[in-house]
Amino acid sequence: MNPWLFDDKGNLTEAAKKQFPDLAGGNAAPVSLNPAGGGKTVTVNTAVLQQAAQNAFALRDSVKTECTQPGEHVNAAAGTLKGWALGGALTATWGTWSNQAGGLQTTVGDIGTSLQTTARNYSKTESDIHANFNKPQGAKG
């Protein structure tokens, strides 16, 4: 989470609320610990986790689209400078850029997958717990 989204009291800034309305709109936090009223519990808002996963997948796709656009121009420029040191430098720099952009794309996609998997696991665990509570006493299974 970006620390610049919050003021000195830990609240979302007005700019952050405009940029990320899903965080500001009264939606429950993805995870809350130790709610009022007693025992230690964890409450997870799986819809927020799923939305964050979808946002990560959209960002992954955007990184791919946006970061590969200069490629044809870089390759054309390097071709016209063939034999000059700058042509080789452009090719090498583009290779580094492409590797870094690919790594970023993979990492953001992995984050989306992890968020999605976590949401599914919490939902399944919650469902399993409720199913076990609904079994008659002494039932096995």
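The values are calculated or read from the model by the stated rules, or taken from the named source; none is laboratory data. None of these values were measured; they are calculated from a predicted model. Here Cβ is always computed from backbone atoms with ideal geometry, including for glycine, and neighbour counts include all displayed protein chains. With ligands, DNA and RNA removed, areas are computed over all heavy atoms of the protein, side chains included. Shrake-Rupley method; radii C 1.70, N 1.55, O 1.52, S 1.80 Å.
Pull up the stretch 65-74, narrow it to residues that are open to solvent by less than 90 Å² (accessible area, probe 1.4 Å) and assigned to a helix (DSSP H, G or I), then point me to the one that is nearest to Leu49 (Cα to Cα).
Only one residue fits best here, namely Thr65.
Just checking, how many residues over the stretch 1-24 are surrounded by 13 or more Cβ atoms within 10 Å (Cβ to Cβ), in a helix (DSSP H, G or I) and at pLDDT below 75?
3
Of Thr125, Thr106, which residue is more than 26 Å from Phe20 (Cβ to Cβ) and of a type in the set (Val, Ile, Thr)?
Unique residue meeting the criteria: Thr125.
Return the total of residues in the stretch 127-141 being surrounded by 10 or more Cβ atoms within 10 Å (Cβ to Cβ) and polar (S, T, N, Q).
Initially, the stretch 127-141 is screened for residues surrounded by 10 or more Cβ atoms within 10 Å (Cβ to Cβ), giving 127-129, 131-132, 135.
This time we only want the ones that are polar (S, T, N, Q), so: 127, 132.
Going through the stretch 127-141 one residue at a time, the tally reaches 2.
Report yes if some residue within the stretch 117-126 is over 30 Å from Ala47 (Cβ atoms) and either open to solvent by 70 Å² or more (accessible area, probe 1.4 Å) or part of a helix (DSSP H, G or I) (or both); otherwise report no.
The answer is no; no qualifying residue exists.
Among the residues that make up the stretch 90-104, is at least one of them touching a residue at least 40 places away in the same chain (Cβ under 8 Å), in a helix (DSSP H, G or I) and surrounded by 12 or more Cβ atoms within 10 Å (Cβ to Cβ)?
Within the stretch 90-104, one or more residues are touching a residue at least 40 places away in the same chain (Cβ under 8 Å), in a helix (DSSP H, G or I) and surrounded by 12 or more Cβ atoms within 10 Å (Cβ to Cβ).
Residue by residue, here is whether (1) closer than 30 Å to Gly112 by Cβ; (2) modelled with pLDDT of 95 or more; (3) in contact with an Asp or Glu (Cβ under 8 Å, 6 or more places away or on another chain); (4) not β-branched (Val, Ile, Thr) holds:
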position	(1), (2), (3), (4)
Gly26	yes, no, no, yes
Ala29	yes, no, no, yes
Thr41	yes, no, no, no
Asn45	yes, no, no, yes
Arg60	yes, yes, no, yes
Lys64	yes, no, no, yes
Ala78	no, no, no, yes
Leu86	no, no, no, yes
Thr91	no, no, no, no
